[in-house]
Amino acid sequence: MDQEDHTTDPFSSHGLWRVSKFTLQSLQPLEPLPWDEELPDLSDGFFKSPLNIFDKYASELPGLSTFGPDLFDPDQTLGLRTDTSSESQSNVNSDQHSIQEDEVEDLWALRSLDVRQDSEDLLKSWEKYHDRTSREHVPAYFSESGAKGFDAALARQAAKWGTQTQRFMVQEDVFFQALLKLGLGWSSLFFRYDEQKRQFEQVHNDIRISGITSIALNGLTEELLRCGTNMQRLRIFAGKVPVKSNELSALSAFSGAAAVVVHTLEKQLVGQFRSIASLLQIKALFHECGKVVSVLADMVSAVDGAVSEAQIVSVVSERATHFSQTFDHMEALLREIVNRVTEPWLTHVEAWVGLRPETSTSVELASSGRSFMAVENQPESKKTLSKTPRLDYRYLPDQMPSFIPPDQAFLIFESGRSLRLLKRNHPQHPVANHEMRDAGTPKFECASTWFDIERIQRKASEYEAELRSEILKYNRGEYCRGPGATPHTEDSGNAEEHQVLTGTFELFDLDDVPNATGLLRKGGNCEKDKLGHLLDGTPSLGLSAVQSGFGPELTSSFYLSLAPLLSSQALLIDFSCLHLLFKEHQLRSHLTLQWRFQLLGDGFFTSRLSNSLFDPDMESGERKVGMVRSDVHAGLRLGSRDTWPPASSELRLVLIGLLNECHDADKRLETPTHADRRNEKELPGGLSFSIRDLTDEEIAKCKDPNAIEALDFLRLQYKPSAVLETILTQRSLDKYDRLFKHLLRLLRMVSVVKRLIRDSTARGSQSGDTRNVLQKFRIDSQHFVLAISDYSFHVGIGSTWRRFQDGLSKIESCLDHGDIDGTIEAAHSVHRLRDHHEDVLDQMLYALFQSKKHNEVAKLLDDIFGTILTFAPLSQLDGVGGVRHETEAAVRRLYSLFRKQTSAFVGYLRGIDGAKATSRSLDRSGMAFTTREAPTTVFDHLLARLEMKRYY
């Protein structure tokens with residue numbers, strides 16, 4: 001007997017209304033009875049947990065995820081084992097469970113009899129309505145038997161083939177609820193989320209519902225398992241939003257967009273689930289949702305490895321472009337997500353190029369190196385002209401998103417860099433001063449249709465036309481604050497940014513702690529969000545393209561949307577900076593200064609420098625006992641002295657005042673009384689002679705007065721101002737220094753070969769003898785050196801610099817007339833003018849064999865100069881009795897070596913390919929160096945000077 005027989009009082013009349021168990025001999029049915037969904041959920045199974053007594057409070061306890069009193073069909077629960085690992089089961093003490101089991105079972109036993117009694121009174125046909133004792137006929141056809149017949153057929157087939165396994169029937173409504181929660185990414189009694197594997201898995205593998213095979217059910221379950229896993233991944237990602245209010249990041253924007261999508265999908269699915277009556281409807285319900293969630297989950301997985309803002313924006317845009325081609329009905333949704341993710345980056349670009357005031361966030365990004373530019377503090381030397389520390393910016397192409405083309409990315413960087421230069425010198429300039437600009441300044445946006453792109457172009461044109469007139473007025477000194485302009489202070493900018501941040505984080509519902517743990521969050525701003533409207537707007541979850549216009553591809557839309565406004569802003573910034581450089585800081589005069597002194601373009605300075613360094617007739621500046629040195633007619637007399645190098649005091653004595661006299665030569669002739677005062681005046685950029693930093697090996701070569709490197713220690717020092725350094729960069733100054741060192745060597749060789757001719761006029765010289773090898777050596781060396789010098793100064797330096805000066809003249813003329821378009825056409829931009837200037841110097845180095853490509857021929861040229869310098873002392877001994885015959889053999893060996901070296905040099909010039917050499921005619925800015933019509937190279941001029949009659 002069971003426990004109930006021991007506890008019942010046989011003499012009590014309490015249970016007389018009950019039917020005796022022994023009078024009921026019900027037979028087991030051949031097939032399971034149908035479940036009536038209209039009945040109240042009052043039945044209970046054998047393995048009912050006592051914790052389920054709280055099911056009636058399930059609506060008040062959303063976190064328990066309960067399903068109802070009975071999950072399994074009462075007729076199919078034989079042999080069911082309770083799964084203690086289920087998330088809905090709690091670890092309850094076994095003793096407490098056994099104490100409560102009796103009471104619970106007695107209660108449910110009574111109600112179960114009521115259910116059976118009610119089920120017999122159900123009216124399912126008209127016959128039973130008229131006659132309660134009428135019994136329905138069993139269907140004769142299998143197609144009319146419904147789910148019961150299908151279940152019986154499955155059981156018979158399994159018994160016939162011996163493949164019968166333990167399968168337990170689950171109520172449809174309970175299982176449908178579990179499938180809904182699975183698709184939404186929430187755990188239930190049948191499905192749970194594995195934290196280690198990071199995916200959903202089935203708790204019971206031996207369950208099914210009536211009328212559906214386990215194979216068909218597993219197919220749908222696997223699809224929802226993927227959907228639920230992706231939903232849970234998105235939910236976890238949305239919960240990791242950065243909480244720093246002063247940092248607008250692409251990651252937080254992406255997580256916010258994902259949160260809005262998840263919230264909208266949850267709301268839609270729960271609302272549409274009320275009318276679901278079959279598995280096919282559930283499959284159709286989650287079909288489109290699964291696509292959206294899988295796309296977003298793929299983008300989230302790709303973003304996990306990103307370490308910078310640029311990588312996040314690039315990954316999201318690339319994946320969105322790919323999926324917009326795969327699922328064209330998602331294009332509107334994906335475009336909106338990309339717009340959300342790129343908005344913080346575009347805001348930073350706007351602040352960089354001057355379309356909005358700078359904020360602390362943008363400054364922090366630049367200083368920390370997390371943006372596409374890095375701030376560099378330039379160390380200032382003691383001789384610098386500026387006492388304030390100077391900031392410079394370095395371009396970081398790795399921090400630029402991939403959808404921005406390289407030329408546009410570099411234009412963004414250079415525009416912001418030039419804008420900072422303008423702000424430091426003209427804070428009230430219309431381009432740099434946001435207080436004088438109205439609130440209607442256009443902003444960067446990503447257009448989706450061609451109509452939007454045309455609208456952006458019109459706004460950019462209007463903005464450019466308005467700002468052009470203000471800039472021209474400012475340059476004329478007529479600019480004043482307009483009456484309609486509204487001040488835009490830094491505080492208002494911060495307030496605007498704070499409002500954007502506040503709205504953003506309200507959208508994410510990050511501070512809504514009570515709702516953060518529920519299945520659905522409150523609507524709030526999510527219902528007003530554009531992403532929600534894109535998902536709610538049309539049937540099938542609103543994933544059809546809602547845009548009526550035809551537009552470019554997603555990646556191309558960024559370039560087409562940014563180009564109009566960026567080009568207008570860059571043009572105005574470049575014109576303003578060019579006006580600052582040429583009109584206020586006299587850039588052209590400083591460039592002319594480099595040509596006069598560094599490139600030895602000033603004839604007066606070249607002549608004075610040559611006499612001071614090489615003329616043997618000048619007075620010596622060396623310190624001697626009992627003699628007072630004077631700077632009048634003093635020189636270093638290189639080549640006519642035994643001691644070398646000269647002392648620093650001797651250098652100062654010889655070269656002092658030389659640069660000042662040559663710089664003010666024209667003014668000195670007009671007012672000679674103030675010459676002494678001008679000698680003490682500092683030259684532009686602090687131009688002066690100085691000592692070059694050399695290595696130990698180079699110092700050893702400088703100590704030899706007969707070596708070609710004897711004067712390599714001497715250099716010209718020039719320090720441009722911070723504004724002029726925009727064009728006169730340190731790299732260009734290094735190129736000027738290399739040219740000055742080579743031209744100084746060439747100037748020395750010209751002086752040496754001229755002295756060789758004077759040696760032939762000595763009284764005992766045999767220069768009249770045609771077989772005299774000394775005279776041949778003198779003539780050949782003079783011809784070679786003078787040809788090289790003439791080519792270097794007139795072709796390599798002169799013609800190239802003359803074309804550069806023509807371009808500068810055109811720029812100045814356009815600036816004088818206020819021609820913005822003409823100025824930009826001539827100079828293109830500030831950075832392209834800087835590149836063109838450096839390319840001009842590269843062209844000179846190339847023509848003078850000082851580029852890296854000509855290392856071998858440059859060494860050969862130095863060897864030729866060294867051979868001539870070795871011959872020079874022997875030439876001076878010509879005519880001295882008894883010496884000619886001793887040196888004649890050495891001279892013949894030197895002359896033979898000289899002939900071989902010059903022949904090799906000329907052979908190299910003949911072998912230069914004209915097509916390859918002509919490729920140097922264009923610089924990286926696209927500006928032409930030469931306008932020659934014939935396919936000749938620059939070296940053809942030198943070849944023509946060296947051998948008119950193929951002497952070599």
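Distance from the Cα centre of the stretch 600-620 to that of the stretch 443-465, in angstrom? Answer, in whole Å: 63. On the beta carbon distance between Glu661 and Arg758, with R0 = 35 Å, the FRET formula returns roughly 0.80. Mind giving me the FRET efficiency for Leu694 and Glu825? R0 is 30 Å, r the Cβ-Cβ distance, nearest 0.05 is fine. After rounding, the FRET efficiency stands at 0.10.
Between the amide H of Ser688 and those of Gln717, distances stay under 5 Å, these residues lying 5 or more places away or on another chain, with hydrogens modeled in the peptide plane. Per-atom-type breakdown for the stretch 173-293 gives carbon and sulfur 52% of the accessible area (1.4 Å probe, protein chains only). Cross-link check: pairs Lys735/Lys900; Lys703/Lys852; Lys423/Lys583; Lys776/Lys859 evaluated at a Cα-Cα cut-off of 22 Å; pairs beyond the cut-off: Lys735/Lys900; Lys703/Lys852; Lys776/Lys859.
Between the stretch 313-341 and the stretch 569-583, how far is it from one alpha carbon centroid to the other, in angstrom? Answer, in whole Å: 38.
Over the stretch 255-314, what lengths in whole Å, largest first, do the semi-axes of the equivalent ellipsoid take, defined as the square roots of 5 times the eigenvalues of the alpha-carbon gyration tensor?
31, 12, 6
Rg/Rh for the stretch 168-305 (Cα atoms only, Rh after Kirkwood) is 1.02.
Counted by Cβ distance under 13 Å from Met373, the other residues give a net charge of -3, where Lys and Arg count +1 and Asp and Glu count -1.
Net charge within 9 Å of Glu812 by Cβ-Cβ distance, Lys/Arg positive one each and Asp/Glu negative one each, not counting Glu812 itself?
Within the 9 Å Cβ shell, the charges total +2.
Beyond 30 Å in Cα-Cα separation lie the following of the pairs Lys181/Lys530; Lys128/Lys283; Lys148/Lys267: Lys128/Lys283; Lys148/Lys267.
Considering every pair of different Cα atoms, what Kirkwood radius, in Å, is found for the stretch 692-764? Taking every pair of different Cα atoms in the stretch 692-764, averaging 1/r and inverting gives 14.7 Å. Heavy-atom accessible surface of the stretch 252-325, averaged per residue, reaches 36 Å², computed with a 1.4 Å probe.
Evaluating 6.51 cos²θ - 1.76 cosθ + 1.60 at θ = phi - 60° for every residue in the stretch 404-420, the Karplus couplings come out as 8, x, x, 5, 5, 5, 5, 5, 4, 5, 5, 5, x, 5, 5, 5, 5 Hz, glycine and proline recorded as x. With the simple model of a label 7 Å out from the Cα in the direction of the Cβ, Lys473 to Ala140 spans 10.0 nm. Compactness of the stretch 144-222 was expressed as the Cα radius of gyration divided by 2.2 N^0.38 Å, which yields 1.24. Phi-derived couplings, Karplus 6.51 cos²θ - 1.76 cosθ + 1.60 at θ = phi - 60°, listed residue by residue for the stretch 263-276: 4, 5, 5, 4, 5, 5, 5, 5, x, 7, 6, 5, 9, 7 Hz, with x used for Gly and Pro. For a Förster distance of 56 Å, can you work out the FRET efficiency between the beta-carbons of Glu947 and Thr643, rounded to the nearest 0.05? Taking R0 as 56 Å, the efficiency between Glu947 and Thr643 is 0.90. Around Glu464, with a cut-off of 12 angstrom between Cβ atoms, what is the net charge of the other residues, counting Lys and Arg +1 and Asp and Glu -1? My count for the surroundings of Glu464 gives -1. Judged by the gyration tensor of its Cα atoms, with axes a ≥ b ≥ c, the stretch 746-863 is prolate; a/c meets the 1.5 cut and a/b is the larger of a/b and b/c.
Only Lys, Arg, Asp and Glu count, each charged at its Cβ (+1, +1, -1, -1), so figure out the dipole size of the stretch 168-305 about its Cα centre, rounded to 20 debye.
That gives the stretch 168-305 a dipole magnitude of about 220 debye.
For the pair Gln876 and Asn205, label points projected 7 Å from Cα toward Cβ lie 10.3 nm apart.
The values are calculated or read from the model by the stated rules, or taken from the named source; none is laboratory data. Quick caveat: nothing in here was measured; it's all calculated off a predicted structure. Every residue, glycine as well, gets a Cβ built from its backbone with ideal geometry; the counts of neighbours run over all protein chains shown. With ligands, DNA and RNA removed, areas are computed over all heavy atoms of the protein, side chains included. Shrake-Rupley method; radii C 1.70, N 1.55, O 1.52, S 1.80 Å.
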